[in-house]
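Each value in this text was obtained by applying a stated rule to the coordinates, not by laboratory testing. Here the structure is a predicted model, which is why all the values come from computation and not from measurement. Reconstructed Cβ throughout: ideal geometry from the backbone, glycine too, with neighbour counts over all protein chains shown.
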Amino acid sequence: MKQKKKSPAPALEKGMQVLERLSKNGPQNLELLSKNLGEPKASVLRYLDTLISLGMADRDPISKEYSAKVSITRIDSAGKELSIKIQDLLDSLAEKTCRTAEWYLPNHDKMILVQRTEPDDAVIHVKAKVGFERPLDGELEAVARIAISNLRLSTAGKKYWVYRSGERKRISESLSGKMLEYDRENGFAMDVEYNPNGVRRYAVPVFYEGKFAGVVALAENFRPDADRQIPRISKMLKEAIKEI
């Protein structure tokens, strides 16, 4: 019988297993994690405490469930090749548009920000960092719209909203359906207005080997000439992804 190769860092390996399980399966309590991992609760608790101290996990004091604050995405050879192409694209877009360029991957019911590039001359920095999660069942901002429309997710019963005049405004199922259909047909989406952080995004889908792979977005802060720049920036973004 072939023996399993001994891990050089067993505690690190177990901690990563805990994080991966939380990332894939959602919030879980200590008892369930211990059972599924086949590890004593005391050991799993140490791994969880370490992840929390590193800002990678969190615990709900009411439900007593643990959840991941970052996502683990395994990358195969094809994914690695795409990741390299995407990084080159982000670097080029950030330089040419003076906007923060972002790459989001789908993960269950959310999009995960996995790569980003800020322009060298950025004065105001976009808050969203690598690991940031964008849910697909709430705000219909640009990234979510591109993801929902290209993944063809059901919108039935969803309570979507957008920022308008600085407030959350609910939109009907009928209107959200029309927005998503328009975005899918045009291969482009843009935030309705700036969010409370003074940021709005342009977003386009990326297809790789014939399949929807993720979303490239440009995040811009408010600037006096921003609206006049929309045609130029959107055209640059649409043209750039043709190189993938």
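Structural remarks
- Within straight-line cross-link reach of K169, lysines at Cα separation under 28 Å, skipping those fewer than 8 residues along the same chain: K69, K110, K127, K129, K158, K159, K178
- Taking a ≥ b ≥ c as the square roots of the eigenvalues of the Cα gyration tensor, segment 96-185 is classed as prolate, since a/c reaches at least 1.5 and a/b is larger than b/c.
- Taking a ≥ b ≥ c as the square roots of the eigenvalues of the alpha-carbon gyration tensor, the chain is classed prolate because a/c is 1.5 or more and a/b outweighs b/c.
- Nearest-ten-degree value, helix 77-97 long axis tilted from longest Cα axis of the chain: 40
- Karplus-derived HN-Hα couplings along segment 130-144 (A = 6.51, B = -1.76, C = 1.60, θ = phi - 60°), whole Hz, x at Gly and Pro: 4, x, 5, 10, 10, x, 10, 10, x, 6, 8, 7, 4, 4, 4
- Against the main long axis of the alpha-carbon atoms of the chain, helix 226-240 sits at an angle near 60°.
- Each other residue within a Cβ distance under 14 Å of F207 adds +1 if Lys or Arg and -1 if Asp or Glu, for a net charge of +4.
- Exposure proxy for R21, R201: other Cβ atoms within 10 Å of each Cβ, ordered fewest to most, give R21, R201.
- Out of every Cα-Cα pair that segment 143-202 contains, those further apart than 19 angstrom amount to 29 percent.
- Dimensionless Rg over Rh [segment 10-68; C-alpha; Kirkwood]: 0.91
- Only Lys, Arg, Asp and Glu carry charge here, each on its Cβ (+1 for the first two, -1 for the last two); on that basis the chain has a dipole of about 720 debye about its Cα centre.
- In Hz, Karplus ³J(HN,Hα) per residue of segment 44-49 (6.51, -1.76, 1.60; θ = phi - 60°; x = Gly, Pro): 4, 4, 5, 4, 5, 4
- In a fully extended conformation the segment linking E81 and D121 would gain 11.5 nm over its present Cα-Cα distance, using 0.36 nm per residue.
- Sorting the segments 103-115, 22-34 by their mean number of nearby beta carbons within 10 angstrom, highest to lowest, gives 103-115, 22-34.
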